[in-house]
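Okay, structure first, notes after.
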Amino acid sequence: MAAAAGAERPPAALLIKRAIVSDLAIVVRKSPSESERAEHSKYEVSQLLRFDPMDLPQALGVLASLSGYYLGARAELVYRCLTLRKGKTIEPLLAEAARNGNHECARELGQEFTSPSSALDGRVLCRSRQDQAAFLADLIAEIDSGKTCSNDELAAIGQ
């Protein structure tokens with residue numbers, strides 16, 4: 001069935017974010033086996049990699065907003081690499097996210113996602129304001145120092 005006239009479709013970046021966050025919420029609720037967790041991690045990484053060619057301000061804002069979620073060990077490496085590749089372009093959005101915190105995660109997913117989860121190696125899906133600020137301060141410092149992430153590095157992490 002066709003969409004209603006005048007109805008807007010969400011931008012691709014927002015749909016990707018929703019897919020990642022939904023999958024992470026499933027992981028936390030289900031507490032999957034190691035092999036299932038590996039499959040979820042592979043999915044999250046593949047979705048994150050879709051942000052690499054995106055440079056529109058709205059897409060960068062969505063990418064920056066993912067800093068409020070713990071994405072898993074491997075996906076965190078991909079996230080760091082992607083933001084380093086965006087560099088000074090995304091830095092103001094990361095700084096804004098550090099100032100404002102992540103109220104969206106707990107509001108949309110619920111308070112249970114602010115507690116440590118064995119499915120995330122004892123981490124919480126919804127970062128605390130302090131954890132997000134510290135994560136972003138490190139990332140912004142790396143951007144300011146000129147650190148980058150090459151195509152080869154991203155490909156190696158994404159494998």
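Just a few scattered comments:
- Test set (1) at pLDDT below 95; (2) on the phi > 0 side of the Ramachandran plot - Ile26 fails condition number: (2)
- Residues within the range 106-159 that are touching a residue at least 60 places away in the same chain (Cβ under 8 Å), within 18 Å of Cys81 (Cα to Cα) and of a type in the set (S, T, N, Q), tallied: 2
- Any pair with Cβ under 6 angstrom, 6 or more apart, that starts in the range 74-99 at a residue that is closer than 15 Å to Met54 by Cβ and ends at one that is polar (S, T, N, Q) and crowded, with 19+ Cβ neighbours inside 10 Å: Ile90/Thr83
- Number of residues in the range 122-155 that are more than 23 Å from Ala97 (Cβ to Cβ), of a type outside the set (S, T, N, Q) and loosely packed, with under 12 Cβ neighbours inside 10 Å equals 3.
- Qualifying residues in the range 120-147 (those that are under 29 Å from Glu36 (Cα atoms), of a type outside the set (Gly, Ala, Ser) and assigned to a loop (DSSP other than H, G, I, E, B)) - the one farthest from the chain's Cα centre (by Cα): Asp121
- Glu112 satisfies every condition listed in (1) surrounded by 14 or more Cβ atoms within 10 Å (Cβ to Cβ); (2) closer than 23 Å to Pro11 by Cβ except (2).
- Hits in the range 28-43 (condition: within 15 Å of the chain's Cα centre (by Cα), within 17 Å of Asp121 (Cβ to Cβ) and not small (Gly, Ala, Ser)): His40, Lys42
Quick grid of which residues meet (1) closer than 21 Å to Pro57 by Cβ; (2) of a type in the set (Lys, Arg); (3) touching a helix residue (DSSP H, G or I) at 6+ places or on another chain (Cβ under 7 Å):
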residue: Lys86; (1), (2), (3): yes, yes, yes
residue: Glu108; (1), (2), (3): no, no, no
residue: Arg127; (1), (2), (3): no, yes, yes
residue: Leu136; (1), (2), (3): yes, no, yes
residue: Leu139; (1), (2), (3): yes, no, yes
residue: Gly146; (1), (2), (3): no, no, no
residue: Gly158; (1), (2), (3): no, no, yes
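- Residue in the range 33-55 that is surrounded by fewer than 19 Cβ atoms within 10 Å (Cβ to Cβ), within 21 Å of Asp131 (Cα to Cα), of a type in the set (A, V, I, L, M) and at pLDDT 90 or above present: no
For (1) of a type in the set (A, V, I, L, M, F, W, C); (2) modelled with pLDDT under 95, each residue gets a yes or a no:
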site: Pro57; (1), (2): no, yes
site: Cys81; (1), (2): yes, no
site: Gly101; (1), (2): no, yes
site: Gly110; (1), (2): no, yes
site: Thr114; (1), (2): no, yes
site: Ala119; (1), (2): yes, yes
site: Leu136; (1), (2): yes, no
site: Glu142; (1), (2): no, no
site: Gly158; (1), (2): no, yes
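- Against the test of being closer than 27 Å to Ser150 by Cβ and surrounded by 17 or more Cβ atoms within 10 Å (Cβ to Cβ), the options Ala106, Ala13, Ala73 yield a single qualifying residue, Ala13.
The values are calculated or read from the model by the stated rules, or taken from the named source; none is laboratory data. These numbers come from a predicted model, not from an experiment. When we count neighbours, we look across all protein chains shown, and the Cβ atoms used for this are built from the backbone with ideal geometry, even at glycine.
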